[in-house]
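Remarks on the structure that follows.
All of the numbers you see were taken from the coordinates with simple rules; none came from a lab. Just so you know, these numbers come straight off a predicted model, no measurement behind them. Note: ideal-geometry Cβ built from the backbone for every residue, glycine included; neighbour counts use all protein chains shown.
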């Protein structure tokens with residue numbers, strides 16, 4: 001049975017400072033995946049326009065995300081690192097997917113409901129169609145796996161729906177042109193042009209919460225800088241933020257079950273586990289019965305040891321703007337070649353005339 005070549009794709013929006021949640025939930029995972037997979041990592045600058053159409057610092061934010069990728073250990077010579085707007089085929093495929101996807105699918109997206117709020121009539125069409133562009137980002141390269149956080153899992157499920165509907169809607173044309181690939185969907189072997197992409201979710205710190213409120217995700221947009229550890233924070237700032245992190249008066253439990261109903265404690269244990277590459281069970285084995293007055297300094301020491309070198313390397317890389325722009329340019333050229341190969345097939349399948 002022929003099948004799709006394994007390929008990992010993921011992207012990060014260039015909006016606001018990168019923080020610990022971005023690192024543990026995404027970038028650290030990106031670095032690990034490149035050892036065993038072909039990878040494409042994208043700074044999704046077109047997506048950032050759904051939040052705000054004009055960003056005075058968008059180019060610098062794009063460079064910062066790129067520098068974070070490189071500082072964390074992503075190798076741009078072995079893998080592709082680029083920014084989305086360099087490859088026009090992202091927007092082209094997104095339009096075709098806009099015509100494949102259904103409005104009902106889009107309006108059910110939790111992220112759209114949260115960001116549009118009660119005034120949905122006043123939300124931009126781009127915000128509604130955001131998942132369609134995300135599907136295009138992934139399927140333009142026929143990626144088989146995407147590392148995502150829990151909050152993006154629904155969007156990836158929509159990507160799978162779009163791929164399946166495209167494959168079904170154009171099954172005869174795909175077969176006639178010999179462009180189908182066999183794949184396993186559930187227990188069934190089917191043929192289609194686009195893969196049914198699988199999520200890569202996991203690790204002890206897949207979702208990092210605010211240091212000020214364990215019920216809210218750590219966010220770039222939180223007005224309190226004490227709610228997050230930025231990748232660019234110096235050692236003293238990191239330690240200060242961990243010291244001030246909200247906790248409860250009880251000691252750490254000896255078992256994970258004891259973290260139930262204690263969101264701030266669970267968050268700090270998860271952060272330690274993610275930074276140390278161990279399970280929460282192991283953290284509690286080492287620190288069970290310990291007060292936060294002891295655990296927080298240990299966590300701060302670990303955070304500084306793991307993150308300070310990345311922050312220093314980011315500053316060094318960002319000082320060489322020409323190098324960062326060169327990485328994005330080279331990556332854009334490689335991505336563009338792959339993207340155009342896909343779009344030639346898609347145009348032919350859909351029936352668009354091309355030279």
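Ranked for footprinting exposure by Cβ neighbours inside 10 Å, fewest first, 107, 132 give 107, 132. Round to the nearest 10 and give me the degree value, 0 to 90, for the angle of helix 125-139's Cα axis relative to the longest principal axis of the chain. Relative to the chain, helix 125-139 is tipped by roughly 80 degrees. If R0 equals 41 Å, the separation of the Cβ atoms of residue 60 and residue 187 corresponds to a calculated FRET efficiency of about 0.25. Axis of helix 321-350 versus longest Cα principal axis of the chain: the two differ by about 40°, to the nearest ten degrees.
Ranked by the mean number of other Cβ atoms within 10 Å of their residues, highest first, the peptides 97-103, 163-169 fall in the order 163-169, 97-103. Between 278, 162, 317, the GNM of the chain built on Cα springs shorter than 10 angstrom shows 278 fluctuating the most.
Distances over 18 Å make up what percent of all Cα-Cα pairs in the stretch 157-280? Counting pairs separated by more than 18 Å, the tail of P(r) holds 66 percent.
Applying 1/(1 + (r/R0)^6) with R0 = 22 Å to the Cβ-Cβ distance of residue 121 and residue 153 gives a FRET efficiency near 0.20.
Note that the stretch 225-317 shows a convex hull volume over its alpha carbon atoms of 85 Å³ per residue. Largest mean-square fluctuation among 297, 223, 199, in a Gaussian network model of the chain whose springs join Cα atoms under 10 Å apart, belongs to 223. Principal-axis analysis of the Cα atoms of the chain puts helix 58-72 at an angle of about 70° to the longest axis.
Cα centroid separation, the stretch 101-145 to the stretch 51-96: 19 Å. State whether the chain is rounded, prolate or oblate according to the following rule on the C-alpha gyration tensor (a ≥ b ≥ c being the square roots of its eigenvalues): a/c under 1.5 gives rounded; otherwise a/b larger than b/c gives prolate, and the remaining case gives oblate. The shape class here is prolate. Applying 1/(1 + (r/R0)^6) with R0 = 41 Å to the Cβ-Cβ distance of residue 88 and residue 255 gives a FRET efficiency near 0.20.
Of all DSSP-defined beta bridges confined to the chain, some 35% are antiparallel rather than parallel.
Largest GNM mean-square fluctuation across 129, 51, 303, computed for the chain with C-alpha springs under 10 Å, falls on 51. Between the stretch 171-202 and the stretch 269-313, the alpha-carbon centres lie 42 Å apart.
Our compactness index for the stretch 29-162, the C-alpha radius of gyration over the empirical 2.2 N^0.38 Å, is 1.09. Full extension of the segment from residue 308 to residue 110, taken as 0.36 nm per residue of separation minus the current Cα-Cα distance, would add 67.8 nm.
Dividing the helix sum by the residues of the chain, where each DSSP H run of 4 or more adds -39500 (n - 2.57), gives a mean residue ellipticity at 222 nm of -15500 deg cm²/dmol.
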